[in-house]
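Reviewing the structure listed below.
The values are calculated or read from the model by the stated rules, or taken from the named source; none is laboratory data. Note that this is a predicted model, so its numbers are computed, not measured. Using ideal geometry, Cβ is built from the backbone for each residue, glycine included, and neighbour counts are taken over all protein chains shown. With ligands, DNA and RNA removed, areas are computed over all heavy atoms of the protein, side chains included. Shrake-Rupley method; radii C 1.70, N 1.55, O 1.52, S 1.80 Å.
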Amino acid sequence: MAMALDEKFFEKFGVEYAPKEIIFCEWEPGNEFYFIQSGNVRIVKLIQNREKNLSVLTDGDVFGEMAILEEQPRSATAIALDHVKLLKFHRDNFDTLMSGNPALAYKLLVIFSKRIYDAKRRLMILLLEEPQLKIMDVLVMLAEQDPHLDLQQEITLQVTSQDVARWAGLTEGDAQKELTHLSRTDKIELFGDKIVVKKIREFQRLVASRRKSMYQ
Amino acid sequence: MSNGAGSGPSGVITRTYKAGSIIYFENDKSEYIYILKSGKVVLTSVKLDSGEEVKEEVREGEFFGVKSALGKYPREETAQTLTNTLVLVLTPADFERLVLRNANVVRKMLRVFSNQLRRIVKMERSVLGEGEIVNPDAELFKIGEYYYKVGDTKHAQYAYKRYMEYYADGEKADMAMKRIRAIDAGEPAPDDIGGPDEGPPSAQPQARPVDRGDDFSLDDQGGPSDMIDFDDSSDDRDSRQVASSTALEDEMDDFLSDDTSGGLDDFSLDDAVSGNTPKDLSGAADASFSRGNYTTALDLYQKIISMNRTSSAEDKKLFEKAHFDAGRCYMEMAKPKEALDMFSRILRSFPDSPYMKLAIYHLGLLFESVNQKDKAITYFNKVLNMTPKDKLNSEALTKIKQLQGK
């Protein structure tokens, strides 16, 4: 939706950020959510005293939307990557804004649908007991997220072992141990910035059957 | 699977299922969104944490299959019919068209979705053990420390300044101030900065409620299924003032109402209000009014007025009511002149109308709202002296006292 409402909206809600400028910072109270009109925004989080990239968002994306729900500190930091134009909406205007702009509301509805699924999917990983399975399921999740991958074949995932550790809710040490094990048994190949999985279907089956038996 | 399908003029498909049919299976990929028109549908899903099977019954008028269709991911539940059932089948495009015409439906769904999201994120945090912290002020300060330490003084400055903005009397305020000055002075970060432990943990001042995981239970998740449900659903359809408590179910009932003259197959997105009698229009108008859609409501009340039907007692009453409610719409839309015109018409044309007293009272409100105190008092006085005495009389008296007190 290359929103028709942009023009008149920008006057009222538009804000601009220079490259590297912080839009909001982790733990700061959050009352606004943002819609990216143009530019790229990096979402980062301090994890174990290191800055981790969570994602890069671009035109048409929404962020800070948890602020719609409640006054809650930001869970991550948003930094402008380049020159960024945003629409900034305060929680208090939310109802008015949504009544007047069902198109924007619909967009948020779609975003929330996706986020709910993604959050559930992550939770499913965390609820597995063995670290080994958690790692496998992270790889399965990442594979599922990329519609271009042929899961019957060997696949390449652009992730680091730190990323995997974070998704799995494991320390980097523990995650590394499991990844090394999978690599030794020739299930995966480890590179600095990517992981090659030989048979992702096998992981998928293993995790599914384990998940089933977990409850019995 | 489907025993019959029909397509209405707008292309919206209705489908009938026999009892025991599966509308979709868990893990199916499908873009369709359903509205239960009649019959019984049960959604069966498996709880994430316990593996327990959860069954939820869809109520008539409710949507199901929304999240997975919009989010483009596999179904998270199985939908099965218990009785002979009739559903409307929408594509995301149909759905979009439908909801865009009713901002309130989107808004409410949004609220439901965001609550679900919040619950899941909370669970996630608690599983990760991230719930145990937290003084946001101390954490915010730490962010500043981190960036200062890695030499990103701009970002550090941002965090420290925010700290001072929000937590000026916080425990780290002095320190934050010191850091801000140091950065301004171009000083590099001190060596002892941002260590894993910087002093005793701050006592919990006005910190936000801490997620200890005990303020929600896994049961609270409401099941992972894809059904729209409202915590605040209200059966009282007459509480028109409390628009926010109208359940979606009610809205959809209004939307898809059987009271309308058309059969189901005539249901069309462009013709959600298909009735043509003052009664149909009035029902739809009231529903819109209660949802806060004053423009739509006004249109419908105007339609009733323009029909000018007063032959039956019922139609006459609706005709007069339409004037009164159109006036209220104008008031809500901050158009006092138009509102004045509507209420005055009642006074002039329907001296015996049951809406007479209400109209006079609203004239009082109207003048009050534009700060014409004396006129407001005049109208409230009229109400005060009208018989039979009822609640409105005492409300008028309260108003008069208030206005005179000012």
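Among the residues of the stretch A:44-62, which ones are more than 17 Å from A:THR160 (Cα to Cα) and more than 14 Å from chain B (Cβ to nearest Cβ)? Working first, answer last.
Taking the stretch A:44-62 as the starting set, the residues that turn out to be more than 17 Å from A:THR160 (Cα to Cα) are A:49, A:57-62.
If the condition is that a residue be more than 17 Å from A:THR160 (Cα to Cα) and more than 14 Å from chain B (Cβ to nearest Cβ), then A:LEU57, A:THR58, A:ASP59, A:GLY60, A:ASP61 are the ones that fit.
Filter the stretch B:48-71 for residues that are within 14 Å of chain A (Cβ to nearest Cβ), in contact with an Asp or Glu (Cβ under 8 Å, 6 or more places away or on another chain) and either surrounded by fewer than 16 Cβ atoms within 10 Å (Cβ to Cβ) or not basic (Lys, Arg) (or both) and give the result. Talk me through it step by step, then tell me what you get.
Filtering the stretch B:48-71 for residues within 14 Å of chain A (Cβ to nearest Cβ) gives B:48-54, B:63-71.
Next, from what is left, pick out any that are in contact with an Asp or Glu (Cβ under 8 Å, 6 or more places away or on another chain): B:64-69.
Of everything in the stretch B:48-71, those that are within 14 Å of chain A (Cβ to nearest Cβ), in contact with an Asp or Glu (Cβ under 8 Å, 6 or more places away or on another chain) and either surrounded by fewer than 16 Cβ atoms within 10 Å (Cβ to Cβ) or not basic (Lys, Arg) (or both) turn out to be B:PHE64, B:GLY65, B:VAL66, B:SER68, B:ALA69.
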From the list B:SER312, B:SER306, which one is at pLDDT below 85, polar (S, T, N, Q) and either under 34 Å from the mean Cα position of the chain (by Cα) or within 19 Å of B:SER288 (Cα to Cα) (or both)? B:SER306
Top-ranked residue of the stretch A:34-61 - restricted to ones that are over 15 Å from A:ILE111 (Cα atoms) and in contact with a Ser or Thr (Cβ under 6 Å, 6 or more places away or on another chain), ranked as least open to solvent (accessible area, probe 1.4 Å): A:VAL44
Counting only residues that are of a type in the set (Val, Ile, Thr) and open to solvent by 30 Å² or more (accessible area, probe 1.4 Å), which one in the stretch B:135-184 is nearest to the chain's Cα centre (by Cα)? B:THR153
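Restricting to the stretch A:96-105, name every residue that is in contact (Cβ under 8 Å) with a residue 24 or more places away in the chain and either within 17 Å of B:ASN115 (Cα to Cα) or more than 7 Å from chain B (Cβ to nearest Cβ) (or both).
Within the stretch A:96-105, the first condition is being in contact (Cβ under 8 Å) with a residue 24 or more places away in the chain, and the residues that meet it are A:101, A:103-104.
Once the filter is applied, which keeps residues that are in contact (Cβ under 8 Å) with a residue 24 or more places away in the chain and either within 17 Å of B:ASN115 (Cα to Cα) or more than 7 Å from chain B (Cβ to nearest Cβ) (or both), the stretch A:96-105 yields A:ASN101, A:LEU104.
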Unmet criterion (only one of (1) open to solvent by less than 50 Å² (accessible area, probe 1.4 Å); (2) assigned to a strand (DSSP E or B)) for A:MET66: (2)
Pairs with Cβ under 8 Å, 6+ apart, first in the stretch B:355-370 and in contact (Cβ under 8 Å) with a residue 24 or more places away in the chain, second acidic (Asp, Glu): B:TYR355/B:GLU320; B:TYR361/B:GLU395
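Okay, residues lined up against (1) more than 25 Å from B:SER290 (Cα to Cα); (2) outside any helix (DSSP H, G or I):
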{"residue": "B:PHE319", "(1), (2)": "no, no"}
{"residue": "B:LEU340", "(1), (2)": "no, no"}
{"residue": "B:ARG348", "(1), (2)": "yes, no"}
{"residue": "B:SER353", "(1), (2)": "no, yes"}
{"residue": "B:LEU358", "(1), (2)": "no, no"}
{"residue": "B:LYS389", "(1), (2)": "yes, yes"}
Need the failing condition index for B:ALA93 against (1) under 26 Å from the mean Cα position of the chain (by Cα); (2) surrounded by 15 or more Cβ atoms within 10 Å (Cβ to Cβ); (3) within 14 Å of chain A (Cβ to nearest Cβ), just the number. (2)
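What number of residues within the stretch B:74-90 are open to solvent by 10 Å² or more (accessible area, probe 1.4 Å) and within 14 Å of chain A (Cβ to nearest Cβ)? Spell out how you get there, then give the answer.
Residues of the stretch B:74-90 that are open to solvent by 10 Å² or more (accessible area, probe 1.4 Å), as a first pass: B:74, B:76, B:78, B:80, B:82-84, B:86.
Imposing the further condition that a residue be within 14 Å of chain A (Cβ to nearest Cβ) reduces the set to B:74, B:76.
Summing the residues that are open to solvent by 10 Å² or more (accessible area, probe 1.4 Å) and within 14 Å of chain A (Cβ to nearest Cβ) in the stretch B:74-90 gives 2.
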Has the stretch B:39-49 got at least one residue that is over 21 Å from B:ASN115 (Cβ atoms) and of a type in the set (S, T, N, Q)? yes
Note on A:ALA175: of the conditions (1) outside any helix (DSSP H, G or I); (2) under 20 Å from A:LEU123 (Cβ atoms); (3) at pLDDT 90 or above, unmet is (1)
